[in-house]
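Worksheet: one structure, shown below.
Every number in this text was worked out from the coordinates using simple rules, so none of it is lab data. It should be emphasised that the depicted structure is a prediction, and the values quoted were computed from it without experimental measurement. Note that each Cβ is placed from the backbone with ideal geometry, even for glycine, and that neighbours are counted across all protein chains shown.
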Amino acid sequence: MINKRILIKNLLAHNDESSFFDKKRQLNLHSQEGKAKFLKHICALSNSNPTNNSYIIVGVEDQDNTIVGDDFFDDSRIQNLVNAYLENPPNIQYENIPFPNLPKDKVIGLVTINPKSETSHFKKGIYTIPINSIYIRQGSNTMPVLGKIEKNYLNAETVLAIENNSRNSIEDTLDGVIDFLNFRHKDMSPKYRVFKELFVICWAGIPKKSRDRTYLSRVDIELINEQIKLFYSAQDVVEITFDDDTFTIIEYVPLGLNDKTSYYPLEKKTIHFQDNGYYKIDNEMLFQPPKFNKKMLFHIYNSNISLLKKLEKGIVLSTREQKDLENLPSTFMICYLNGFEDAKQKLISAKTLLKPFVSVYLSFKEALRILRKMKYDAQ
């Protein structure tokens, strides 16, 4: 079993960007330009590595490999994005890897691109990339090619050696469990569970009972063996259940108007553990958007636009307006889910205005995460 944190260290320590490895400061999948860049690198790395995994590391400074981290990114539908634009798309996996010196809300993203013998190309254009484009890696550069490409089989031995050198040990697992339980989350009722005598999941959160069910907020869930953060949220409410073979996370999203908040089931994630040392993760979108009065939403939408204009002009907000600003990401999302098509783009465009307000910016990121999940699920 590969320890993904050790794998990242080995990739950074022994290799500059190459035909099987790329690194990014961050991903931006909210814009067409950002999506195009990401898809171009996926296409190139897949075509250049037909017999071995290739990798993209996110959250690393390009010049000196400093580990700075990026936001937790939920990858549950990102494969749909790749499938939507690439013919012969590779299977990819995006994993969130915690590092000891990073803030608890920051991780390193690891994109694993599985080998595929067929050539990947763009089946439809995006941003400046035309339809039928093909890309490969030449050293650290992603290059377009015309016609048939020469397959590269030279990386397989090197990548296998790096992966084998990143295998987990009992010491790594025990250190990870002790760190999670006794140091990082000692005040949040941390727990652990061993599955199939091999897999160790640790989780922590603030418990809240409702009737006969227990929910958690401010949740952190990690698969310790591979140093993967399975779930992290500073806001959402989560329900956890498990048996001998599975571990299930149901995520709820708080939505409401006029200070009345209800929790709606968003997504169900189930990890299935197998006796042969493998596991798989199934995701099921549960969300049914709540419906609200259109006249009231029209008033809220216009109020949000007015708030943003005041922020642009540097006008001091009243106490009531400050409260409305706290709810702006959530109410813009509700407007979008109820047919106000411009509300999503208005929210995205407000990023720089909201960033100075810590709690509002946190809500902004949570709202975009939910909308991204819904979009990928639709694709």
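Under the classification rounded if a/c is under 1.5, otherwise prolate if a/b is larger than b/c and oblate if not, where does the stretch 188-307 fall, given a ≥ b ≥ c as square roots of the Cα gyration tensor eigenvalues? Cα axes put the stretch 188-307 in the prolate bin. By the Stokes-Einstein formula, at 1.002 mPa s and 20 °C, the chain with its Kirkwood radius over alpha-carbon pairs has D equal to 95 µm²/s. Under the simplified labelling scheme, the Lys260-Gln93 pair shows an inter-label distance of 4.5 nm, with each label point 7 Å from Cα along Cα→Cβ.
Remark: Ser54, Ser19, Ser169 ranked as Ser169, Ser19, Ser54, counting other beta-carbon atoms within 10 Å and listing the fewest first.
Full extension of the chain between Val68 and Ser359 gives 102.6 nm of extra length, using 0.36 nm per residue less the Cα-Cα distance. Taking every alpha-carbon pair under 8 Å whose residues sit at least 6 apart, the stretch 294-378 reaches a relative contact order of 29 percent. Farthest towards the positive end of the charge dipole of the chain, among the residues Gly205, Asn155, Ile300, is the Cα of Ile300, using unit charges on the Cβ of Lys, Arg, Asp and Glu.
Strictly over 31 Å apart at the Cα level, which of Lys209/Lys344; Lys116/Lys269; Lys294/Lys323; Lys148/Lys280 would you flag in this model?
Long pairs (Cα-Cα over 31 Å): Lys209/Lys344; Lys148/Lys280.
Suppose a student asked you for the relative contact order of the chain, using Cα pairs under 8 Å spaced at least 6 residues apart; what percent would you report?
Reported as a whole number, the value is 13 percent.
Does the stretch 4-164 classify as rounded, prolate or oblate by the C-alpha gyration tensor (a ≥ b ≥ c root eigenvalues; a/c under 1.5 gives rounded; else a/b over b/c gives prolate, otherwise oblate)? Oblate, since a/c reaches 1.5 and b/c is not below a/b.
Taking other C-beta atoms within 10 angstrom as a stand-in for reagent exposure, Thr319, Thr331 fall in the order Thr319, Thr331, fewest first.
The loop-placed GluC sites (Glu not before Pro) in the stretch 95-158, going by DSSP, that have at most 15 neighbouring Cβ atoms within 10 Å of their Cβ come out as Glu118, Glu150.
Along its three principal directions, the equivalent ellipsoid of the stretch 226-288 from the Cα gyration tensor extends over semi-axes of 28, 12, 9 Å, largest first. Estimated from helices alone, the mean residue ellipticity of the chain at 222 nm is -10500 deg cm²/dmol (sum of -39500 (n - 2.57) over DSSP H runs with n ≥ 4, per residue).
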